[in-house]
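A.B. asks: This is the structure, below, for whatever I ask next.
The values are calculated or read from the model by the stated rules, or taken from the named source; none is laboratory data. All figures in this text were calculated on a predicted structure; none of them were measured in a lab. Every residue, glycine among them, receives a Cβ derived from its backbone with ideal geometry; neighbour counts consider all protein chains shown.
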Amino acid sequence: MTEPVVYRIATLPGDGIGPEVTAPTVELLRLATKTCGGFELDFITLEAGAEHYRTTGESFSDDSLEIARESDAILLGAMGLPAVRYEDGTEIAPQLELREKLELYAGVRPIRTIKGLPVPLVDPRGRELDFVLVRESTEGLFKSRNSAAVVDDRIARDTLEITRATSERLFDFAFDIARQRKAKGGTGTVTCVDKANVLGSFAFFRKIFDERAKRFPDIEAQHGYVDAVGLSMVKQPWIFDVLVTENMFGDILSDVGAGLMGGMGFAPSADIGDEHAVFQPCHGSAPDIMGQGKANPVATFLSGAMMLEWLGSEHGVEQCRLASRKIYNAVDAAFAGGTLIPYELGGDAGTSEIAEAVTAAMDRAAAA
């Protein structure tokens, strides 16, 4: 009998509601794994974040970083607390450090609505959204986040950095996603989001995009200025398939995408490099609802599903992909009736109620 493959998952619950949404996600991942067989997940919990910094003076130890680096994937809860900051006034953000140190250049932010949930757009097409934003996650305006120049308390400067090497990898990644989506019925379109009409760094960004587009003749390459794309995301987001953009622009537009889905509690994410990947909800630590059982765990559930899908693709393990689909299907089934409404959307379903509903949906599917 062949022994199942074991994947080691470094888990960083973090701050605020992070531990509250991470715990049921781990249980859901265990259940999905059990129903599929062929592989197992070995979770190891690591301390990181603002509370850890307040206690120890470091946000993320070198030992923990090394364990995360050696793991097969990394699952985060939420990091940072508004009241806990570095001396320069910025918040504690180990997730950004991981992106930089592990070279996780491709931030994947799926924008996908779930039937049965109220969403802000009235147009029926706004209720069936399914597109992806790919955000460069290691440079751009974020590159200077630890080295801002403040002169005589009069002038502050942050430097935006775009490099050819990172941009080429980013664009190839985005075109590859579009190719995969096209094979499943997507339009096969990638839109480069920039401000090339004003800033030379973005003109350079667009130039590299056009160069890499020639390597993917089966995919349509388009351009959009960030302000115009922001407008279109609010008025007609269904026109997009894959958006690719710089770090700061991606940070902003991904929150617009979360709003289209109903809120941050429905927005999963992945930060992917050539060798490592981190999966986490887009939302923050939400200390205002910490400990109240109101946190929406769906974004973390879906981040876990993305992790399984990535592991399956990286290692050629179909059972991982199957387990991922089981989580997506269970989430969809739990909300399909329109009666499970999270606190986030004005309902009364909290963390445990949502977790129980999704787990029950997965059990029903397994028994069918």
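A.B. asks: Considering only the stretch 40-85, state which residues are of a type in the set (F, W, Y), under 21 Å from the mean Cα position of the chain (by Cα) and closer than 19 Å to N146 by Cβ. Show your work before the answer.
C.D. replies: Going residue by residue through the stretch 40-85, those that are of a type in the set (F, W, Y) are 43, 53, 60.
Still in the running and under 21 Å from the mean Cα position of the chain (by Cα): 43, 60.
Matches in the stretch 40-85: F60 only.
A.B. asks: Let me ask something additional. Which members of the stretch 40-65 meet the condition of being of a type in the set (S, T, Y), assigned to a helix (DSSP H, G or I) and surrounded by 14 or more Cβ atoms within 10 Å (Cβ to Cβ)? Outline the logic, then answer.
C.D. replies: Initially, the stretch 40-65 is screened for residues of a type in the set (S, T, Y), giving 45, 53, 55-56, 59, 61, 64.
In the following step, the residues that additionally are assigned to a helix (DSSP H, G or I) were identified as 53, 55-56, 64.
The answer is Y53, S64.
A.B. asks: If I go through the stretch 152-188 residue by residue, how many of them are over 22 Å from the mean Cα position of the chain (by Cα) and either farther than 15 Å from V242 by Cβ or crowded, with 18+ Cβ neighbours inside 10 Å (or both)?
C.D. replies: Count: 13.
A.B. asks: Looking at (1) surrounded by fewer than 23 Cβ atoms within 10 Å (Cβ to Cβ); (2) among the aliphatic types (A, V, I, L, M); (3) at pLDDT 95 or above; (4) closer than 26 Å to A48 by Cβ, which one does A73 not meet, given that it meets all the others?
C.D. replies: (1)
A.B. asks: Mind checking which residues of the stretch 205-260 are farther than 26 Å from P118 by Cα and small (G, A, S)?
C.D. replies: Once the filter is applied, which keeps residues that are farther than 26 Å from P118 by Cα and small (G, A, S), the stretch 205-260 yields A213, A221, G224.
A.B. asks: Specify the residue that is nearest to P342 (Cα to Cα); the eligible residues are those in the stretch 98-137 that are among the basic types (K, R) and not in a helix (DSSP H, G or I).
C.D. replies: K115
A.B. asks: Next up: Give G346, G284, G293 a once-over and let me know the one that is closer than 23 Å to A50 by Cα and surrounded by fewer than 17 Cβ atoms within 10 Å (Cβ to Cβ). Give the derivation first.
C.D. replies: Values: G346 fails: closer than 23 Å to A50 by Cα; G284 fails: surrounded by fewer than 17 Cβ atoms within 10 Å (Cβ to Cβ).
Going through G346, G284, G293 in turn, just one is closer than 23 Å to A50 by Cα and surrounded by fewer than 17 Cβ atoms within 10 Å (Cβ to Cβ): G293.
A.B. asks: Taking the condition charged (D, E, K, R) and outside any loop (DSSP other than H, G, I, E, B), does D176 pass?
C.D. replies: Working: charged (D, E, K, R): yes; outside any loop (DSSP other than H, G, I, E, B): yes.
In short, yes.
A.B. asks: If you take the residues in the stretch 229-257 that are small (G, A, S) and within 25 Å of K143 (Cβ to Cβ), which one is surrounded by the fewest Cβ atoms within 10 Å (Cβ to Cβ)? Before the answer, list the steps.
C.D. replies: To start, the set of residues in the stretch 229-257 that are small (G, A, S) comprises 230, 232, 250, 254, 257.
Okay, now just the ones that are also within 25 Å of K143 (Cβ to Cβ), so 230, 250, 254, 257.
Details: G230: 16, G250: 24, S254: 23, G257: 25.
Filtering first and then ranking leaves G230.
A.B. asks: Which residue is surrounded by the most Cβ atoms within 10 Å (Cβ to Cβ), if the candidates are limited to the stretch 126-151 and must be more than 21 Å from G265 (Cα to Cα) and of a type in the set (D, E, K, R)?
C.D. replies: Among those that are more than 21 Å from G265 (Cα to Cα) and of a type in the set (D, E, K, R), it is E136.
A.B. asks: For the stretch 285-326, what are the residues that are of a type in the set (K, R) and either under 18 Å from the mean Cα position of the chain (by Cα) or in a helix (DSSP H, G or I) (or both)? Give the steps one after another, and end with the answer.
C.D. replies: Quick first cut of the stretch 285-326, residues of a type in the set (K, R) only: 294, 321, 325-326.
R321, R325, K326 - these are the residues of the stretch 285-326 that are of a type in the set (K, R) and either under 18 Å from the mean Cα position of the chain (by Cα) or in a helix (DSSP H, G or I) (or both).
A.B. asks: Could you tell me whether the stretch 191-212 includes any residue that is β-branched (V, I, T), modelled with pLDDT of 95 or more, buried (at least 18 other Cβ atoms within 10 Å of the Cβ) and part of a helix (DSSP H, G or I)? Please lay out each step first, then the result.
C.D. replies: At the first step, the residues of the stretch 191-212 found to be β-branched (V, I, T) are 191, 193, 198, 208.
Restricting the remaining residues to those that are modelled with pLDDT of 95 or more gives 191, 193, 198, 208.
Pick out the ones that are also buried (at least 18 other Cβ atoms within 10 Å of the Cβ) and you get 191, 193, 208.
Still in the list and also part of a helix (DSSP H, G or I): 208.
Yes.
Residues are listed down the side, and each one gets a yes or a no for (1) outside the structural domain of D72 (by TED's automatic domain parsing); (2) of a type outside the set (D, E, K, R); (3) farther than 20 Å from A106 by Cα:
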{"residue": "P268", "(1), (2), (3)": "yes, yes, no"}
{"residue": "A299", "(1), (2), (3)": "no, yes, no"}
{"residue": "A305", "(1), (2), (3)": "no, yes, no"}
{"residue": "E314", "(1), (2), (3)": "no, no, no"}
{"residue": "A323", "(1), (2), (3)": "no, yes, yes"}
{"residue": "K326", "(1), (2), (3)": "no, no, yes"}
{"residue": "A333", "(1), (2), (3)": "no, yes, yes"}
{"residue": "T351", "(1), (2), (3)": "no, yes, yes"}
{"residue": "M362", "(1), (2), (3)": "no, yes, yes"}
